[in-house]
Amino acid sequence: MNHIQLICDIGELNEVFTDTQNINDFLQKIVEMVAKHMDAAVCSVYLFDEDRNELVLKATKGLSHEAVDKVRMKLGEGLVGLSLKQLRPIYERKSSAHPSYKYFPDTLEEKYEAFVAVPIVRGLSRIGVLVIQRQRRRIFKEQEIVTLRAVASQLANMLENARLFMSLRVPRYHEEKKVRPLKLAKGNVASEGYALGPARIIDRDRVFESFLHREYKKKYTLEDFNKALSVTEKQLEDLQAIVEEKLSDVASLIFTAHLLLLKDTEFVGAMAQKIEDGMNAPNAVLSVAKRYVDLFSHGENHYIREKVQDIEDLTIRVMGNLVKELSELYRCNDHIVIARELYPSDMLKLSSEGVLGVVLVTGGVTSHLSILARSLNVPMVIIDSPRLLSIPDETKLLLDAEIGNLHVNPSATVTANFHSRNEARKKISIKRMTVKPKTYTKDGQQIRLMASINLLSDLKVAKEVKCEGIGLYRTEFPFLIRSNFPSEEEQYVVYRQLVEGLPGKEVAFRTLDIGGDKVLSYYDMTMEQNPFLGMRSIRFSLSNREIFLQQIRAMLRAGFDTDIRITFPMISSLEEFLEARNAVIESIGYLREKKIPHNSNPLIGIMVEVPSIVDMAQDLARVADFFSIGSNDLVQYMLAVDRTNEKVASFYIPHHPSILRAIKRITDAAASENKEVMVCGDMAHQEKYLPFFIGTGIKTLSLEAAYIPKIQEAIGKVDSLKAQNLAAEVLSTSKISEITKLLK
Ligand code: PEP
Ligand code: MG
């Protein structure tokens with residue numbers, strides 16, 4: 001027996017694997033090859049299913065083939081499970097004598113007592129176990145075990161891929177019943193609130209696939225198809241009308257892509273043709289849609305991939321209107337949606353369709369999707385657990401987006417508790433009415449509370465809570481959800497509504513902050529490896545000067561009779577600020593010359609988000625009119641933690657000493673030049689940071705309006721002298737854990 005030969009052969013299999021069509025055949029080839037080379041009566045491969053914490057027998061030479069896919073064991077169960085749990089080979093002359101031995105009757109393995117199990121591991125990830133067995137009298141030698149370990153490490157790579165393929169190949173809707181019951185999942189709150197209702201898993205691929213695999217026994221005619229098209233068109237037009245009424249600034253055209261597709265003669269025409277040629281209508285719809293999905297799925301470009309989504313969405317809708325019993329499968333109204341990923345336009349659609357809440361399995365609480373969910377009042381929690389996508393549709397859920405819990409099939413007690421807390425929450429919202437127009441600390445120091453606005457619909461709450469003005473208007477939302485850049489005129493209309501919405505109050509417009517997690521589907525930004533470090537924000541505006549100038553003119557015109565500020569996001573150097581400011585000066589000159597009413601004296605400031613300007617604070621404070629600390633990005637860039645990645649959420653620590661010291665430096669620099677500093681971003685609405693801000697000398701906060709009553713009340717309890725002492729103590733503390741304690 002030549003062990004080196006075996007290792008080489010396995011290496012060659014690697015190449016076979018890439019083009020093999022059938023994973024089971026591939027695994028079978030492996031076990032046969034190993035059994036032959038090792039002269040073993042049995043060789044088996046078990047793969048580890050992480051979601052279920054279970055090893056599954058996937059291929060065997062020597063044991064009963066009936067056992068494949070049937071024999072399953074938990075991590076730690078039996079000798080095979082033990083080997084993977086303890087990440088060590090297990091070698092036994094007489095396996096049945098081992099205390100952990102477990103007999104699986106399906107395998108018929110009792111004859112093979114000499115046993116070696118070797119774990120297959122890749123990095124930290126448990127892939128599976130390779131097992132060989134012989135009859136008792138033919139025990140394994142040390143050298144053979146060494147060889148098997150070498151084989152296992154060679155296999156790790158291939159098997160990891162095989163495992164992935166297999167999980168993709170098994171349609172998840174067949175698996176749902178087998179998943180261990182999940183009672184509670186914990187995550188982070190992205191948008192506060194509660195929701196109680198049935199689950200809807202948004203996994204377009206899955207719904208689309210399940211439609212493809214169905215049998216449509218009933219015959220549907222061309223007439224049925226045409227009827228389904230007109231019902232779909234009416235539904236889409238109605239939805240479009242609802243969003244346009246509620247969200248005029250951002251909703252323009254969100255269902256247009258679907259409506260256009262519905263009228264596309266090639267797309268719909270090809271379906272009709274197939275029906276005329278005798279194909280049953282559901283199959284005709286699906287086969288044409290599938291052709292387009294396949295065509296676009298490999299697109300590099302974000303825009304093309306979004307098209308796939310449009311096609312799938314529309315097809316699912318048409319199918320629901322054609323085959324009535326399918327319509328229940330994608331309805332989101334009065335449901336709690338669980339999704340892997342959503343676009344901002346999805347969030348708008350879901351909100352207009354009446355979704356109760358959203359659970360996202362990837363993302364970050366300071367991502368712009370979360371910000372949008374808050375503006376739309378959709379409770380949302382981010383839970384890093386792909387397993388949630390396997391929860392069967394219609395399962396009863398309770399989403400507690402106050403603390404970030406998702407209860408699956410909640411008990412009567414949990415539900416009763418929910419109802420009483422929900423009532424209490426409603427009472428708190430009535431408290432908004434009692435909010436005062438000005439905010440003071442316990443000892444009478446005034447703090448300005450401004451509103452951060454994302455959508456025009458936020459104005460209603462901003463007015464109710466008597467905000468003192470708008471500290472941050474994120475202008476990108478009207479850019480995001482549409483099919484082309486809004487014109488100067490279109491922007492003017494939106495900005496003017498903002499100014500008129502809070503008469504006499506100051507408005508700070510932030511110029512376009514695009515890029516990162518805010519991608520314009522209609523602008524072909526080549527795919528960036530690191531979009532957060534790419535052509536983002538002010539870099540985009542300065543490189544697309546005409547778009548920048550149009551936006552600035554729209555702002556200046558909208559604010560002709562009120563105090564406005566213009567804030568530049570992501571400034572990273574003095575030159576960048578001066579160049580951006582020049583664009584404002586040039587725009588003022590242009591409007592003056594054209595005699596168009598405008599504001600000729602806006603305050604011009606900087607968002608402090610990029611660490612490079614912390615050291616430049618003094619230089620910038622001389623030229624800028626104000627600083628606006630964008631805490632979401634400042635934390636992201638200073639700590640190198642992606643704000644949209646839940647997996648690294650525990651590293652996203654706003655009270656890291658370097659963040660707090662940077663805030664202090666910025667505030668001191670501004671104070672020495674008599675300039676204002678405001679804090680925006682999520683830190684501004686977290687009560688625990690208030691004493692630090694006040695103690696550091698920050699007198700203005702901009703926060704989402706709904707938080708203003710709570711923050712006003714909390715500020716009323718802060719004593720500014722004590723806050724100063726606390727800030728000094730915090731600033732001289734080096735350990736995060738100690739700062740955490742101090743801020744509590
Ligand atoms: C911030 O970064 O804190 C901020 C206010 O801007 P945005 O969240 O829109 O990036
Ligand atoms: Mg920012």
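The values are calculated or read from the model by the stated rules, or taken from the named source; none is laboratory data. Here the structure is a predicted model, which is why all the values come from computation and not from measurement. Here the Cβ is made from the backbone with ideal geometry for all residues, glycine too, and neighbour counts use every protein chain on show. Accessible surface areas use protein heavy atoms only, side chains included; no ligands, DNA or RNA. Shrake-Rupley method; radii C 1.70, N 1.55, O 1.52, S 1.80 Å.
What FRET efficiency comes out for the pair Asn24/Leu212, r = Cβ-Cβ distance, R0 = 35 Å, nearest 0.05? Intermediate values should be presented prior to the final figure.
Numbers: r = 22 Å, r/R0 = 0.63.
Calculated value: 0.95.
Contour minus end-to-end for Ile4 and Gln446, with contour as 0.36 nm per residue of separation and end-to-end as the Cα-Cα distance?
Working: separation 442, 0.36 × 442 = 159.12 nm, distance 7.89 nm.
That pair, Ile4 and Gln446, stretches by 151.2 nm at full extension.
In degrees from 0 to 90, rounded to the nearest 10, what is the angle of the helix 281-297 Cα long axis to the longest principal axis of the chain?
80
At a Cα cut-off below 23 Å, give the lysines reachable from Lys744, other chains included and same-chain residues fewer than 8 away excluded.
Cα-Cα hits under 23 Å: Lys186, Lys442, Lys664, Lys688, Lys699, Lys710, Lys717, Lys722, Lys735.
Can you pull the one-decimal nm distance between simple spin-label points at Lys647 and Thr415, each 7 Å off the Cα toward Cβ?
Once both label points are built, they end up 3.7 nm from each other.
Two-decimal Rg/Rh of segment 361-427 from alpha-carbon positions, Kirkwood Rh? Numbers along the way, then the final one.
On the way: Rg = 13.2 Å, Rh = 13.4 Å.
My calculation of the ratio gives 0.99.
Could you compute the FRET efficiency for Lys722 and Arg425, with r as their C-beta to C-beta distance and R0 at 25 Å, rounded to 0.05? Walk me through the intermediate numbers first.
Numbers: r = 31 Å, r/R0 = 1.22.
Rounded to the nearest 0.05, the efficiency is 0.25.
How far apart, in nm, are two points set 7 Å out from the Cα along the Cα-to-Cβ line at Ala671 and at Leu182?
Each label point lies 7 Å from its Cα, and together they span 4.9 nm.
Taking 8 Å as the Cα distance limit and 6 or more residues as the minimum spacing, I'd like the relative contact order of segment 592-652 as a percentage. Spell out each step's value before the answer.
Values: 59 pairs, mean separation 17.9, N = 61.
Reported as a whole number, the value is 29 percent.
Percent of accessible area on the chain owned by carbon and sulfur, 1.4 Å probe? All intermediate terms of the calculation are to be shown ahead of the outcome.
Working: 16990 of 32590 Å².
After summing per-atom areas, the C and S share lands at 52 percent.
Classify segment 194-256 as rounded, prolate or oblate, taking a ≥ b ≥ c as the square roots of the eigenvalues of its Cα gyration tensor: rounded when a/c is under 1.5, otherwise prolate if a/b is larger than b/c and oblate if not. Write out the running numbers ahead of the final one.
Details: a/c = 2.63, a/b = 1.36, b/c = 1.94.
Oblate, because a/c is 1.5 or more while a/b does not exceed b/c.
Give me the percent relative contact order of the chain, please, defined on Cα pairs under 8 angstrom at least 6 residues apart.
Numbers: 1369 pairs, mean separation 74.3, N = 744.
Taking the mean separation of contacting Cα pairs over the length of the chain, I get 10 percent.
Just for the chain, what percent of DSSP beta bridges are antiparallel, to the closest 5?
50
Going by average Cβ density within 10 Å per residue, which order do the peptides 263-274, 537-548, 140-151, 510-521 take, highest to lowest?
Values: 263-274: 15.0, 537-548: 18.2, 140-151: 16.5, 510-521: 22.8.
My ranking of the peptides, most packed first, is 510-521, 537-548, 140-151, 263-274.
Gap in Å between the Cα centre of segment 327-399 and the Cα centre of segment 679-712?
Value for the Cα centre distance between the two parts: 28 Å.
Could you name the aspartates and glutamates in cross-link range of Lys647, using Cα to Cα under 12 Å and dropping any fewer than eight places away on the same chain?
Cross-link targets: Asp384.
Could you give the length gained by full extension between Ser600 and Arg387, i.e. 0.36 nm per residue of separation minus their alpha carbon distance, to one decimal place?
Numbers: separation 213, 0.36 × 213 = 76.68 nm, distance 5.57 nm.
In short, 71.1 nm is gained.
On a straight-distance basis, which lysines could pair with Lys102 in a cross-link, Cα separation under 21 angstrom, same-chain partners fewer than 8 positions away excluded?
Here the lysines satisfying the reach criterion relative to Lys102 are Lys58, Lys61, Lys70, Lys74, Lys85, Lys94, Lys111.
What is segment 439-516 by shape, rounded, prolate or oblate, if you read a ≥ b ≥ c off the alpha carbon gyration tensor as root eigenvalues and call it rounded for a/c under 1.5, prolate for a/b larger than b/c, and oblate otherwise?
On the way: a/c = 2.84, a/b = 2.07, b/c = 1.37.
In terms of gyration-tensor shape, prolate.
Given a Förster distance of 60 angstrom, what is the FRET efficiency for Ser732 paired with Leu108, based on the Cβ-Cβ distance and rounded to 0.05?
According to the calculation, E is roughly 0.25.
For Cα pairs less than 8 Å apart in space and 6+ apart in sequence, what is the mean separation divided by the residue count of segment 397-534, i.e. the relative contact order in percent? All intermediate terms of the calculation are to be shown ahead of the outcome.
Details: 143 pairs, mean separation 24.3, N = 138.
Value for segment 397-534: 18 percent.
Can you compute the modelled spin-label distance between Ser612 and Arg72, with each label point 7 Å from Cα toward Cβ, in nm?
Result: 5.4 nm between the two label points.
Among rounded, prolate and oblate, which fits segment 77-149 when a ≥ b ≥ c are the square roots of the eigenvalues of its C-alpha gyration tensor, a/c under 1.5 means rounded, and a/b larger than b/c means prolate? Walk me through the intermediate numbers first.
Values: a/c = 2.06, a/b = 1.30, b/c = 1.59.
Cα axes put segment 77-149 in the oblate bin.
So, for the chain, what is the accessible surface per residue at a probe of 1.4 Å, expressed in square angstrom? It would help to have the intermediate numbers written out before the result.
Numbers: 32590 Å² over 744 residues.
Using a 1.4 Å probe on heavy atoms only, each residue of the chain averages 44 Å².
Give me the log10 of I(q) over I(0) for the chain at q = 0.06, 0.11 Å⁻¹, as the Debye formula computes it from C-alpha points; what are the numbers?
Result of the Debye calculation: -0.48, -1.21.
Short version: ³J(HN,Hα) in whole Hz for each residue of segment 702-712, in order, from phi by Karplus 6.51 cos²θ - 1.76 cosθ + 1.60 (θ = phi - 60°), x for Gly and Pro, what are they?
With coefficients 6.51, -1.76 and 1.60, one gets 10, 9, 4, 3, 4, 7, 4, x, 5, 6, 4 Hz.
Could you give the C-alpha radius of gyration of segment 552-659 expressed as a fraction of 2.2 N^0.38 Å, taking N as the number of residues it contains?
Working: Rg = 16.8 Å, N = 108, 2.2 N^0.38 = 13.0 Å.
Taking N as the residue count of segment 552-659, the ratio is 1.29.
Mind ordering 114-121, 385-392 by average Cβ neighbours within 10 Å, highest first? Write down the numbers at each step before the final one.
On the way: 114-121: 24.2, 385-392: 17.2.
The packing order, highest mean first, is 114-121, 385-392.
Hey, what do the phi angles of segment 119-126 turn into as Karplus ³J(HN,Hα) couplings, whole Hz, using 6.51/-1.76/1.60 and θ = phi - 60°, x for Gly and Pro?
x, 10, 10, 10, x, 9, 9, 7
Sketch the reach of a paramagnetic label on Arg622 as a point 7 Å from Cα along Cα-to-Cβ, and name the residues of segment 550-586 whose backbone nitrogen lies under 20 Å away.
The answer is 571-582, whose backbone nitrogens lie closer than 20 Å to the label point.
How far is the Cα center of segment 183-233 from the Cα center of segment 466-499, in Å?
When both Cα centres are located, 33 Å separates them.
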